[in-house]
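One structure is given below, encoded as structure tokens.
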Amino acid sequence: MPTGKVKWYDAEKGFGFLTQDDGGDVYVRSDALPEGTETLKSGTRVEFGIAQGRRGDQALQVRVLDPTPSVSRSQAQARRKPPEEMVTIVEDLIRLLDGLGEGYRHGRHPDRKAAKPVAQLLRALAAELDG
């Protein structure tokens, strides 16, 4: 049986994609998930059968091999930065975004050197807010 990882899965829509270890993506529907499983986390190792569907390969009888470790809410909150640190980060981000916004107002995209740190800061802030 082929193995791979969950590329992404949308529980609300009831489908997603798996990436095979030897390459290529496979469509997966909710009815192929193990009984009692309602969603799959990205990166989870799985084993599955494959059938040719109307739009390509489709996974059958998905079996979870190595579930991705789940971080409990209390563990995530324990790792969060204190609010005093977050104030500084958010204020710095606002200043950086104001500078980018000014460039856009004048019809200019930011150069990569200026945009990269802003993107990294946005991702870090998003992770902190998600935590």
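Computed from the coordinates by the stated procedures, all read-outs in this text should not be read as laboratory data. Since the structure is predicted, the reported quantities are computational estimates derived from the model, not experimental observations. With ideal geometry, Cβ positions are generated from the backbone for all residues, glycine too; neighbour counts draw on all protein chains shown.
Looking across segment 1-46 at every residue that is exposed (fewer than 15 other Cβ atoms within 10 Å of the Cβ) and of a type in the set (A, V, I, L, M), the one that is farthest from Asp66 (Cα to Cα) is identified as Ala11. If the condition is being acidic (Asp, Glu) and within 12 Å of Phe48 (Cα to Cα), then segment 1-24 contributes only Asp21.
Taking segment 1-56 as the range and being part of a loop (DSSP other than H, G, I, E, B) and polar (S, T, N, Q) as the test, the residues that pass are Thr37, Thr39, Ser42, Thr44.
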